[in-house]
Amino acid sequence: MEINIQEWKFRNYISTVVTFQIFILCIFLLMSLAGCVALGPEYEQPEADVESDWLESEDPRIFSESPVTSEWWVSAFNDPVLDKLIATSFEQNLTLRSAGLRVLQSQQQLAIAIGAQYPQQQQITGLAGRGKEEGSTVDIYNLGFSVSWELDFWGRFKRQVESASAAVDASVANYDDALVLLVSQVAQTYILICTFKEQLEVANQNIELQEESLRIAKAKFEAGDVSELDADQAESLLYNTIATASALEMLLQQFKNSLAFLLGKPPHDLDYLLGKKLTIPSAPADIAVGMPQNLIRHRPDIRIAERQLAAQSAQIGFAVTELYPHFSIGGSIGTEADSTGDLFKSESDIWDIFALFEWNIFNYDRLRSNVRLQDARFQQLLVDYLNTVLLAQVDVENSIIAYLKSHEQLVSYQFAYEASRRAVEISTAQYQNGLVSFNTVINTLRDHVQQQDLLTSTKGSVATNLVLVQKSLGGGWELRNNQDPVELLPSEMKDQMRERTKQWEGVLQ
């Protein structure tokens, strides 16, 4: 039977069209199913064991109903110098900038994960070559475009996006944690500088007082009223106090150097910023601490642990998808000819389309072990999260009791200081009149030095303990005012990055 050539071509064309339509239908079916299924566990924030109230909630100085103040140092200390130091450190501290850059890195990791949901390979290719075949020289020219797309049939790419998104949240919480630590470090360092400055002033006052005692002892010795022992004792006490003053000067300068580091600067003279007259910030007796349940939301380290847990949960799902086949679709279109002039003729057109699946059925033991590994990591992070919540509560309780008791200590040391001051005045007058021995004067002077030092250091401890309370409550990160940490990076740094890679337009604002 003779075959009609035109009819054969028509049938072949119809067959090709039907085959192509079926292929397109399969693609749309796979695309509609892709992403509808997400294997692995769906994450839910775990419940943590939190007390209903603080141990010292009955103390009238503790206000559990009031929330933690965002910029707590402003209302607590009302110290313009401290306010300026914290504002400067927020702008210039290099550790905080590093945390901001880690946020930027995690954001780009998320962008990469999102991009993996779309065609993974898109290529334009070109070839010009010459070779020898069966004794003759052959030219070949090729130009084409190809695309390949692994469908997210089991939600594996979706899980990667979930994990990367949680990692971004964790990096922001890490920035907040660095900010809480920075604020507390600046405040504590400033308080220590003020404390050592005041202790140094007290030491200098005692030096003057002891020099006067030494003058009196020498005068009485020269008059033959007492032995040389009195002058020697007075001189020994004086030079010990002078040595203490030198130690305080050393510590004072070291903490100024530490403060310069927190401000993002090399060690330099900070007197222009601190001022010549420094006083220990006065801390209020009352303090707002909020409820224990607020810690989970407010403390950045708890949020870090919880977001890391969420990221790991998605990794379990990603590992589970490796147990199932992967589906890909793709194709290419182009032109190929022996000369450049024939490249774009219809008979030079080439194309192909494909659907592919891969299934690692011979690696099941390894893949199942990876699922178990990811689940074990999740369980460890869950325990770490619960442990972080418990430690946070212990941290707050310890700082609250330290703050309350240091206030009580301050009252007692104030009374002790007043008594020692009167004792010095009385004993010195009685010694001049010959009513007591110089041992009595020496003992009262030593006691007075000790009481002054205790009073000054306790003033500093009260202020420092207030800082520790606020740090334990997670106070201070609100200073960024809900801004993206990347937005807070210095403009000159962003300019350097734009100049270096030319790829940051539209990303770094």
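The values are calculated or read from the model by the stated rules, or taken from the named source; none is laboratory data. Remember, predicted model here, so these are calculated numbers, not experimental data. Every residue, glycine as well, gets a Cβ built from its backbone with ideal geometry; the counts of neighbours run over all protein chains shown.
Computed values, structure above
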quantity	calculated
Flag for Ser258 being within 25 Å of Pro80 (Cβ to Cβ) and either exposed (fewer than 15 other Cβ atoms within 10 Å of the Cβ) or touching a residue at least 24 places away in the same chain (Cβ under 8 Å) (or both)	yes
Verdict on Ala76 being over 30 Å from Ala319 (Cα atoms), aliphatic (A, V, I, L, M) and at pLDDT 85 or above	yes
Complete set of residues in the stretch 225-248 that are charged (D, E, K, R), touching a residue at least 24 places away in the same chain (Cβ under 8 Å) and surrounded by 13 or more Cβ atoms within 10 Å (Cβ to Cβ)	Asp230
Hits in the stretch 284-321 (condition: modelled with pLDDT under 90 and assigned to a loop (DSSP other than H, G, I, E, B))	Pro284, Ala285, Asp286, Val289, Gly290, Met291
Test: residue in the stretch 467-485 that is surrounded by fewer than 15 Cβ atoms within 10 Å (Cβ to Cβ) and among the hydrophobic types (A, V, I, L, M, F, W, C)	no
Of all residues making up the stretch 419-478, the number that are of a type in the set (A, V, I, L, M, F, W, C) and within 30 Å of Asp53 (Cβ to Cβ)	8
Residue check, Leu404 touching a strand residue (DSSP E or B) at 6+ places or on another chain (Cβ under 9 Å) and part of a helix (DSSP H, G or I)	yes
Hey, Ala128 in contact (Cβ under 8 Å) with a residue 12 or more places away in the chain, part of a strand (DSSP E or B), among the aliphatic types (A, V, I, L, M) and more than 30 Å from Leu273 (Cβ to Cβ) or not	yes
Residue that is nearest to Ser282 (Cα to Cα), among those in the stretch 467-509 that are among the basic types (Lys, Arg) and free of Cβ contacts under 8 Å to residues at least 60 places away in the same chain	Lys494
Residues within the stretch 459-509 that are in contact with a helix residue (DSSP H, G or I) (Cβ under 9 Å, 6 or more places away or on another chain), in a loop (DSSP other than H, G, I, E, B), more than 30 Å from Glu408 (Cβ to Cβ) and modelled with pLDDT of 90 or more, tallied	3
